Each structure stands twice: as C-alpha cells, then as structure tokens.
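The values are calculated or read from the model by the stated rules, or taken from the named source; none is laboratory data. Given the structure is predicted, the values throughout are model-derived calculations rather than measurements. When we count neighbours, we look across all protein chains shown, and the Cβ atoms used for this are built from the backbone with ideal geometry, even at glycine.
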Amino acid sequence: MIYLDNSATTRAFDSVAETVREQMLERYFNASAPYSAALENERLFLQARRTVSESLHAFAEEIFFTSGGTESDNTALLGTMAAAGEKRHLIISAAEHPAVYDTALQLQNRGYALCVVPVEKDGTVSPAKLAELVTKDTALVSIMHVNNEMGAVNDLAALSAAVKAVNPQTVFHSDGVQAYLRMEFPKDHKNIDMYSVSAHKIHGPKGMGALYVRRGTRVKPLLYGGGQQDNMRSGTLNMPGILGMAAAVDELRRQNDFIAGISEIKAALAERLLAIPDTLLIGEMQGSAPHILGVAFKDIQAQVLQNALEERGIIIGKGSACSSRSSKISRVQEVLEIPKNLAAGTIRISLGAFNTMDEVEPTARIMEETVQRLRKFRRK
Amino acid sequence: MQYTNTIIVKVGEIHLKGQNRPFFERTLIHNIKEMLKDFEGITVTICQSRIYVYHIMPADLQKALEALRKVFGIHALSPAREVEKDMTLIAEAAVEMLREAGITEGTFKVNARRADKRFPLESPEIAAQIGADILSAIPTLRVDVKHPRHEVEVEVREKAYVYVEDVPAVGGMPIGTNGRAALLLSGGIDSPVAGYMVAKRGVSIDCVNFYSFPHTSERAKEKVIRLSEILADYTGRISLFVVPFTKIQELIYSKCPDAMLTIITRRFMMRIAEKIAIDRHCGALVTGESIGQVASQTMEGLQATDAVVEMPVFRPVIGMDKQEIMDIAEKIGTYETSILPFEDCCTVFTPRHPATHPRMPEVIAAEQMLDVEALVDEAVALTERIDLIRG
C-alpha cells in the first residue's frame, strides 16, 4: 500500500509504539505519586516536555500537553477570551480548521465580536489586511501556520508583528497542527504567544497534543481538577501519550534530511500529476508546505477517485479529512474560488516520514490511468 | 416485596385465523423466544390464546418490553407482577402498581379470572375484595364497573398475576407466517420503510443492494448493512445480497441514450433482484417507489420496470408523501442512517433530463446495445451474501 494521507494521520514510528507499550505495561505509575517508581516517571515527563519545548524554541514551562490539536485550539481561543476581561473582539482567518473556526463561532454566539480575515488567492493571509482589523479591543488573533487543505504557508513572523504594531496587548495564536516539524518554526517568534501542535500528524500517538503558551500570556484553563501541569491542564498525565509524542519529536528531528526528502517527492509528484490534461494545482508550489499537494481534476468526483485508487493500493485524501463525511464543497475551496467542476475533483496528497521516491512513479502512473478511465463516466 | 414479572402478550389478528391459528401462534412463540433468548430463566407459554412470558427479573422488565414491542404479531403487552396466591399480596401488588403507574384518581374496576379452581374465592369475590382493598389504600379513586377509566386485572393460575396497563406494541403478523419477499434496498429513506411495512405483515425479508464501487463508496455499503441490521431488529434475521453493479452501470452509461439511463438501470435491477428472489424462494419483490417522487417513478416508468419481471412487485409506500415516509422511518429507527451523505448507485449516473414518459419500443431498442442476459447472469453469480441477525 502507498499511503499518501499523512495530513489525516500517520503511522506511528516503531520507537513511539515501543515507548507507549513500555509506559502501559511496565512504567504505569502515576507520575505525581510519591514512590520512587513514580519519581522516575516524573523525570521522564520533564524530559519529554524539554524535548517538545526545544522543538519550538520555548522554555519547558511554556509547554502544556493536551488531548490533541482540537483541545489546544479550544484552550487558546476559549481560555484567552475568558481571561481577556473587557476586551471582547477576536480575529481568525477564513481558512482555519474547524477546531478554530467553529470555536470562534461559538464565542460569537456567546456575544463576542468576531472578524474573519479573508485569504488571498494563494491561500495565505495578508499582514496588512489583518492589521486593518485589529483594534484596541482585540483580545486574540488566531491564524493557522499551514493550511490543511492546500498547504499554503502563512508568514507568522510578519503577521504577528503586524498585529502587535497596532495592539501590543493582543494575543497571537497559531494552529500549527499541519506545520509542526514539517516547517521550520519561525526563528523570529517573539510575537507568537500561543501555538497548537498535535502528535499523530508527526508519527506519534493519537489523542495527544500540546499548546505552547508564552510566559506571561493570560489564559484560563479549559479543565479543572487535580491541578496538574501548573493548574493549566488538570487530569492525570497521559504518560504513554506524552512520552510517545516526545519519542516522535526526537526521531523526526534526528532525520536531518526529512524536509528536503518530502519536498523532493512532492515536486516529483506535482510534475507528473500536473502533466495530466485538465488538472489544476491548488495553491502554489513556491513557498508551500513540503508535505501537502492539492490537485484538482476536471470532471472527476474526488470521492470516486479516492475509492478507485484505494482499490489499486493507493490511499489519498480529499478536502479536509476531518469532515470527509460531508459532501459539501469545503469552506476553503469556496474561499479560493476554485471553479465548481474542478472543486468536486480536488484531492489532497500528503507525505510523511515513511514515503519514498520509489512511490512516485507507480502513484503517478496509476493516478493518470484512473483519472482517464473515470473521466469516461463524467457526471451529467 | 419479592416478586418476578410476567408479560402478558396480546395478539392481534391471529384471532381471526380459524383453523390455522395454532400455526400462527407457534410461529409467534418461536419469534418471542428468539427475541428474548438473551434473558436468563424466562419461559414462554400459551394459555387460552394469550401468551405468557414468565420469570422476568424486575431489572430486566423494561428491556424485555422494549424488545417485545418490536415483534410483529403482538398487539399489546401487559407487564404483570407475579405473586403468591394470597389475597393480601395480590392487593398489595395492585396498589403498588397503580401508584407506580401514576393512577391515583378517576374511576376503575377490577377484573378477576380464576383459572385455578382450587382457589377458595370465585372470580367476582376476588374482584370485589381487591377493589375494596384498593379503595381503602387510594381513597381518591372511584369504582365504576360500567365505564371505568382504568382496569386492574387479576388472574389466579399457578400463581397470581396482577396488571394495570397495556403497552401498545407494533401489531402486524408474526414473521414467517406469510412467505418471503426480496426488498430492493438502496441507501435512501424509502426502501427500508417499504421493507418494514411488508415484513410487518409476517413476510420474511431478503435485501438486495446494488453496489457500484468506485462510483459509490465502501461507506455506502456499510450504510446498507446498517439499514439491514435495523430491519433485522424487527425480523430476527436478514440476508443481504450485494450485487456488483459497476460493469452494468458503466456499460449503460457508455452505450445507451442519456435520457434512458435511469429507466434501463432500474430494469436491470429488477431482473437481477428477481433472479435472486427466485433462488431464495421469494414470492414477490418489494421496492420503495412512490408515484411521481422521481423521474423513474412515473406511471410509465413503473410500467417499464414491471415489464421485465413476472413476480408481483409490492410497493407499500406507493401512495405516500415523502413526509409520511420520513415519519415512519423516524419511528422505526432507519431515518438517521438513511440520511448519511454517502451516494448510492441510483444517483451516480443520473442524466440531466431523464425520460419521464419512456416509450417501450425506445427502451427496448436502447437495451439491444447490451447483452442483457449475460450481464444479469454474471452479476447474480458474483453477488455477495451477508447474513445479519438481530442485535
């Protein structure tokens, strides 16, 4: 099987599975308990937190482990607005993942003022247009790092600087779930206050993520209870998840040529696929994420192509995998004004650490054959 | 107070069946036992055309009632309490049950039946004494033997049984008493309802679904399996036949005139379904068609599809509006699954302007582009069978 849906989820690294197994069967002690077996787990926890914090150029105490990207995003939005007092305005982009978008709509329902900044034709947010929306009442801006449907990359350094230039008090959050470790975290991140990441997109366990919260950022917790993680995220530490995530971060960071490798695969695939007649690249190659390739085929139903490819051993994604149960054209496709006969045939190829150059040729060949075959049965 | 529950099952139309009654009753008892096979220690017997389900633990009563409400052939259910044959215990049970059912005002009467003739009191005496005991415990009730609002039933048999209310059940005839039919099951709202309606008349159901992978997805198939399982909750078991339909649909698309696609597709479905139905000893086909709902469901469309089969075609929702069908789908529990957004093969190749009044000579001419018999035989031969049982 050739698996090209890594933005939906990834196969875990063997080292991750081994770490999780060991935590479940051998080191199952509650890291907060007083006995020595537990103490060892606390050490492992601190080490894992350091691993993740280093990957984000952050201090260890600025990392809070969560149940995944969705919880991290919810904490960032709900927690920031709850702590913002009189300021009741927030801004998100039109291309946000539902974990941000729908949470922002919930806030709007509760009486907060929401502005949605549109995205440009290339799928990115313009710093100038964003800055225009910021006011003295703006408590939070949330702009995703990499778009999950087309791989467009936002310039977080420029966007956060533009926001802070208008209102230095505004908290800048970014959903980094699709970017984490597949894009360099911005060297200039002094204006980024919060950043959400997820473990299962980087070959770690599902149900595991983290939220970076810069020191001094005011945010209220989502969950109350035992007061773990400095009262920011109560609940017994999910040690299999946390150590599994750290193991994935470790292994991916050790692979020096990982980003260059997937970039090369993406370029080779794009070249072959775009040679198929009546095919459109979604977004741009230049400056887009190295692992996401969006392609639209005219007169094809993405679902049918996905089915047909699976029959031949190739798994691809379409639209946003999280909402693949809905047959509507996605919000992002609408925003990008992709023509209707192409939008229905938009697929997403996303790469991970297990993909190789050897997969390019059979993938391209089988996709071309399948597209040509299916086009004979165009919907009327 | 220590007691177990009994459910008294009241049958509907079986009463009308004359000489065949024992057959209908045996079948119903078999279906009830099947439905309750996971409940430990219960026994099912029949006495004077009432079916008794004995020894239900109080904690299981609601679950047992829910299960029996889905058995076709049952008209109503009376949850009864089983106590020793002692007038004090009987009265206590009656008072407690009235209170639990919230019956503390209005009029009532007690009906007593003494099947155990060794019991010292006769039926009218039992009724009078229990009635008096109830009145003294719940003085806000009044007795009215002519037109009571509530009736308390007391039966004295090997034990005494007390019940105060009837729970309506689904009605119909016991599954297995009226033959077998093959339901053309799509993923939509109508066909599961049609299958339910025919099954309710005691007909065993097989389902036939047409699967056009990759034009329809694995999830569409899952959906049809789920719908069959929901129907099996009522019928006990269902065999689902999944017909590979891709080749036929693609050929029709490539070779036949656009306007005819739908009608020719429907005719293939009917031919294939009939072959499977004959093999399964079915007496009829069932579809979820309703006049005028979509282009193929016009009078001429239905005629053109009926023309290719000899078996009778039952269309129980033929005269119903969409809303009426949806209401039944909600009631029987298929609606939520039916509206899942996975395309089924009926809509994959819908032409822009389908023929609503197809003329037979044109349909037949269009079909001559295809080797109909060979395609039908091949599809039947490659059909996958999935057996589903309740639960």
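Tallying residues that are in contact (Cβ under 8 Å) with a residue 40 or more places away in the chain and more than 16 Å from A:R43 (Cβ to Cβ) within region A:230-239 yields 5. Of all the listed residues (A:I316, A:I242, A:I259, A:I265), the sole one being within 14 Å of another protein chain (Cβ to nearest Cβ) and either outside any loop (DSSP other than H, G, I, E, B) or in contact (Cβ under 8 Å) with a residue 40 or more places away in the chain (or both) is A:I316.
The rows are residues; the columns are (1) in contact (Cβ under 8 Å) with a residue 24 or more places away in the chain; (2) more than 20 Å from the chain's Cα centre (by Cα); (3) in the same structural domain as B:A132 (by TED's automatic domain parsing).
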position	(1), (2), (3)
B:T4	yes, yes, no
B:R26	no, no, no
B:M35	yes, no, no
B:G41	no, yes, no
B:L65	yes, no, no
B:E100	no, yes, yes
B:A115	yes, yes, yes
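For region B:258-310, the set of residues classified as away from every other protein chain (no Cβ under 14 Å) and of a type in the set (S, T, Y) consists of B:T287, B:S290, B:S296, B:T298, B:T305, listed by residue number. Residues that are charged (D, E, K, R) and surrounded by fewer than 17 Cβ atoms within 10 Å (Cβ to Cβ) within region B:86-108 comprise B:D86, B:E96, B:R99, B:E100, B:E105, listed in sequence order. Checking every residue in region A:339-361 against the condition of being at pLDDT 95 or above, touching a Pro at 6+ places or on another chain (Cβ under 8 Å) and under 30 Å from A:R253 (Cα atoms) gives at least one match. Note on region A:76-120: residues that are assigned to a helix (DSSP H, G or I), under 22 Å from the mean Cα position of the chain (by Cα) and either more than 21 Å from A:A131 (Cα to Cα) or free of Cβ contacts under 8 Å to residues at least 40 places away in the same chain (or both) total 10. Applying the set (1) crowded, with 19+ Cβ neighbours inside 10 Å; (2) within 16 Å of B:T216 (Cβ to Cβ); (3) among the acidic types (D, E) to B:E289 leaves exactly one unmet item: (2). Taking the criterion of being within 14 Å of another protein chain (Cβ to nearest Cβ) and crowded, with 21+ Cβ neighbours inside 10 Å, the residues of region B:222-248 that qualify are B:K223, B:F245, B:I248. Count of region B:307-325 residues, restricted to those that are buried (at least 18 other Cβ atoms within 10 Å of the Cβ) and part of a helix (DSSP H, G or I), is 1. Here is a check on your reading of the model: is B:V198 closer than 30 Å to B:E367 by Cα and among the β-branched types (V, I, T)? No: the conditions fail for B:V198. Each residue in region B:327-385 was checked for being hydrophobic (A, V, I, L, M, F, W, C), within 14 Å of chain A (Cβ to nearest Cβ) and not in a helix (DSSP H, G or I), and 5 of them qualify.
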